[in-house]
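We did not get these values from a lab; they are worked out from the coordinates using the rules stated. A quick note: this is a predicted structure, and the numbers were derived from the prediction, not measured. Quick reminder, even Gly has a Cβ in these numbers, built from the backbone with ideal geometry, and neighbours come from all protein chains shown.
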Amino acid sequence: MQANSPLPPKMDAFPDNLVVALPSMACVSVSGDDAKTFLHSQLTIDINKMADATVRRSAHCDFKGKSWSVSLVANGASALYLLAGNTPVGASVEQLKKYGVFSKIEITSETENFDFYLLKGKQTTALLEGNFAALPDSPMAMVESDSGFCIALDYPADTVLLALKKDAAPAFVQAVSDADLPLFEETAATALDIASGIPALTSEEQINQYVPQMMNLQALDAIDFNKGCYMGQEVVARTRYLGRNKRAAMIFKLPEACEDIATAKLEKQAGEHWRSGGTILRAAVLGEETWLLAVVNNDTTPEDSFRLSTNPALELIHCDLPYTL
């Protein structure tokens with residue numbers, strides 16, 4: 001097995017071509033006569049309007065509009081696939097099974113059948129020629145084959161999410177090694193996601209804490225406000241139309257590696273004092289940088305000063321989102 005490549009010191013030091021292993025990625029398929037109708041009643045997007053072989057971002061909410069999960073939804077040939085981290089997928093599956101007992105659906109874990117990777121760069125994606133007759137030709141499209149499926153993502157730009165069946169994975173990893181391409185640990189994908197403003201729920205403590213708009217999902221085409229009823233719809237709609245959302249996810253960078261990021265708290269300067277400044281949604285530590293996606297007041301400006309409780313001597317650097325809120 002190929003050893004993981006060392007993480008780069010900074011974001012701008014990532015190579016143009018790379019592979020990232022995603023061991024915490026989970027996947028569940030929903031199939032059956034009522035699969036689309038059922039998921040349409042559960043998720044924030046209009047499943048019924050999804051074209052074949054397309055992908056959307058989505059949230060699955062409780063009745064208070066707080067998110068069980070934030071996932072990719074892929075409309076495959078024989079099933080709909082939901083992809084996210086193990087923790088949020090597990091939370092969503094428990095709820096979906098509860099509400100799906102009277103629908104003609106089958107909810108199946110696919111995590112054990114695939115290895116997941118993030119690919120970036122033409123030299124890297126060229127390694128898939130033996131597994132797929134063609135690659136997706138536009139963002140948020142998917143291609144399936146006997147080897148698995150791959151998705152061209154919208155963010156991070158020029159990346160592909162690969163779900164490769166277990167029996168095909170060793171040959172792919174060997175091809176990565178033979179091509180002398182870097183294979184990074186999952187932190188690399190988290191860092192690239194954060195720099196692209198992509199939210200994710202990663203721990204039990206984050207489940208049912210955030211309305212989708214607090215994580216910018218309306219800006220990522222992950223909410224259809226004109227669709228029919230789904231769990232949490234009233235709260236999500238009021239948040240938009242009555243202007244009740246006062247939070248947004250924003251990107252910050254610390255110009256050093258924060259080894260205590262797991263216990264760090266976000267602080268904001270208020271006059272001569274520092275107070276709680278929001279919550280850290282995602283974090284990634286590189287060799288000489290720490291990247292954060294944090295939920296803060298949506299009127300935050302670059303003039304506002306933030307720091308981490310574990311690194312009080314350094315202020316965080318605001319970074320631009322690649323999309324408009």
Practice item. Report the residues of region 204-220 in range of a label on residue 325: point 7 Å along Cα→C-beta, backbone N strictly under 16 Å from it. Key: 210-220
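Ranked highest first by the average count of other Cβ atoms within 10 Å around their residues, in what order do 122-133, 146-157 fall?
On the way: 122-133: 16.4, 146-157: 19.6.
So the peptides 122-133, 146-157, ranked by packing, come out 146-157, 122-133.
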Review point. How far is the Cα center of region 20-66 from the Cα center of region 274-315, in Å?
Key: 31 Å
Practice item. Report, in whole Å, the centroid distance computed from the Cα atoms of region 116-168 and region 200-254. Key: 28 Å
Exercise for review: Please state the charge dipole magnitude for region 246-320, taken about the Cα centre, from unit charges on C-beta atoms (+1 on K and R, -1 on D and E), reported in debye and rounded to the nearest 20.
Suggested key: 400 debye
Point to revise | Dipole axis of the chain (+1 Lys, Arg; -1 Asp, Glu on Cβ), positive-most option in 88, 152, 209 | key: 209
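Can you order the peptides 98-105, 268-275 by their average number of other Cβ atoms within 10 Å per residue, highest first? Write down the numbers at each step before the final one.
Numbers: 98-105: 13.5, 268-275: 11.0.
Ranking, from highest mean packing down: 98-105, 268-275.
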Practice item. Using θ = phi - 60° and the Karplus relation 6.51 cos²θ - 1.76 cosθ + 1.60, list the HN-Hα couplings for region 238-254 in order, rounded to whole Hz, with x at every Gly or Pro. Key: 4, 4, 7, 6, 9, x, 8, 7, 10, 10, 8, 8, 10, 9, 10, 10, 10
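For region 246-320, what number results from the quotient of the Cα radius of gyration and 2.2 N^0.38 Å?
0.99
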Practice item. Compute the length gained on full extension between residue 298 and residue 204: take 0.36 nm times their separation in residues and subtract their Cα-Cα distance, giving the result in nm to one decimal. Key: 31.4 nm
Exercise for review: Counting helices only, and only those DSSP H runs with n ≥ 4, report the 222 nm mean residue ellipticity of the chain as the sum of -39,500 (n - 2.57) divided by its residues, in deg cm²/dmol to the nearest 500.
Suggested key: -4500 deg cm²/dmol
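May I ask for the net charge around residue 235, where only other residues with Cβ less than 13 Å from the Cβ of residue 235 are counted and Lys, Arg are +1 while Asp, Glu are -1? Show your work: numbers first, answer last.
Values: positive: 64, 66, 238, 240, 244; negative: 62, 234.
Residues close to residue 235 contribute a combined charge of +3.
Which net charge results for the neighbourhood of residue 21, defined as the other residues with beta-carbon distances under 14 angstrom from its beta-carbon, given Lys and Arg at +1 and Asp and Glu at -1?
Numbers: positive: 120, 166; negative: 115, 185, 186.
So the environment of residue 21 carries a net charge of -1.
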**Study point:** Debye-sum result for the chain in log10 I(q)/I(0), which assumes one identical scatterer on each alpha carbon, at q = 0.08, 0.15 Å⁻¹
**Key:** -0.37, -1.27
Point to revise | Computed label-point distance, nm, for sites residue 238 and residue 33 using a 7 Å Cα→Cβ extension | key: 3.8 nm
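Kirkwood Rh and Cα-based Rg: tell me the resulting Rg over Rh for region 200-325, rounded to two decimals. Spell out each step's value before the answer.
Values: Rg = 15.7 Å, Rh = 15.7 Å.
Ratio of gyration radius to Kirkwood radius: 1.00.
Cα-Cα over 20 Å: which of 104/227; 66/97; 10/122; 64/246; 122/166? Write down the numbers at each step before the final one.
Details: 104/227 22 Å; 66/97 18 Å; 10/122 22 Å; 64/246 16 Å; 122/166 23 Å.
Over 20 Å Cα-Cα: 104/227; 10/122; 122/166.
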Revision key, fill the gap. Around residue 86 (Cβ within 12 Å, Cβ-to-Cβ, excluding residue 86; K/R +1, D/E -1) the net charge comes to -3
